Amino acid sequence: MIGVGDRLGAQHPRRAGAGPTYRYVPPSQPIARAVTYIGDVLLEFSLTFTGSLTVVCPPTEPGESPGERPTLVLAGATLHRIADGVFISVVRADRPTIESAGGHRFIHRATTAAGARTRRFSGECRIEIPAGSGAGEPAISGSLGYALDVRALAPSDPPTTADDASNPGWLERHDASLASIGAIVLEPVPVAADRAARLYAS
């Protein structure tokens, strides 16, 4: 008897080898965001990546030229795969724990101010995503720099100053609100095609 998996395997056989390789540069704008309220405190989270990744496409179909596979589709698929499934499992004012359903490894390096009422947590993100069978499922690997900006606003906050997020008062006012969040999922941010298509021949 032939099972469902056998039938699917017969319809979509795996092909040996790999397709063309590219260097992908994420857009300069935030790629994932989340907004939530804890009491009267508004918390905004935004994640930005810098650097570049290696993107290896699945093998081409018989008779298909690598040049026939539009780079915009590949760039969009790459951006979706690195931005999707990112979540914060533990939020503390000194260092949030960032994780990903795709297995990204976030390594915290520094905490700085990023404008009034905004604190930036930055470091390195190591990414290793295996290829799928479709044209939009490339293998993605490498390390990116990341910046997670956390903005906290409350009606009781005093007037803002340029270094508001760098002084102890910001921590004192909002540490309890941040710590009360068990987990929060960052949603991918739509990116204009001309900003997403940053895929270069390797």
Subset of the range 142-174, residues aromatic (F, W, Y) and at pLDDT 75 or above, comes to Y146
Result of the Cβ filter at 6 Å on the range 119-131, keeping first residues that are within 14 Å of T50 (Cα to Cα) and in contact (Cβ under 8 Å) with a residue 40 or more places away in the chain and partners that are buried (at least 19 other Cβ atoms within 10 Å of the Cβ) and among the aromatic types (F, W, Y), at least 6 apart or interchain, is C125/F106; C125/Y146
Checked A135, A139, A179, A110 against criteria (modelled with pLDDT of 90 or more, open to solvent by 30 Å² or more (accessible area, probe 1.4 Å) and among the small types (G, A, S)); the one match is A110
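Of the residues that make up the range 62-73, is at least one modelled with pLDDT of 85 or more, part of a loop (DSSP other than H, G, I, E, B) and surrounded by 12 or more Cβ atoms within 10 Å (Cβ to Cβ)?
Of the residues in the range 62-73, the ones modelled with pLDDT of 85 or more are none.
For the range 62-73, residues modelled with pLDDT of 85 or more, part of a loop (DSSP other than H, G, I, E, B) and surrounded by 12 or more Cβ atoms within 10 Å (Cβ to Cβ): absent.
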Being at pLDDT below 75 and either surrounded by 11 or more Cβ atoms within 10 Å (Cβ to Cβ) or assigned to a helix (DSSP H, G or I) (or both) narrows G9, G17, G76 down to just G9
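The values are calculated or read from the model by the stated rules, or taken from the named source; none is laboratory data. Small disclaimer: the values here were computed from a predicted structure and weren't measured. Because the Cβ atoms are built from the backbone with ideal geometry, glycine has one as well, and the counts that use them run over all protein chains shown. Ligands, DNA and RNA are excluded from the accessible area calculation, which covers all protein heavy atoms including side chains. Shrake-Rupley method; radii C 1.70, N 1.55, O 1.52, S 1.80 Å.
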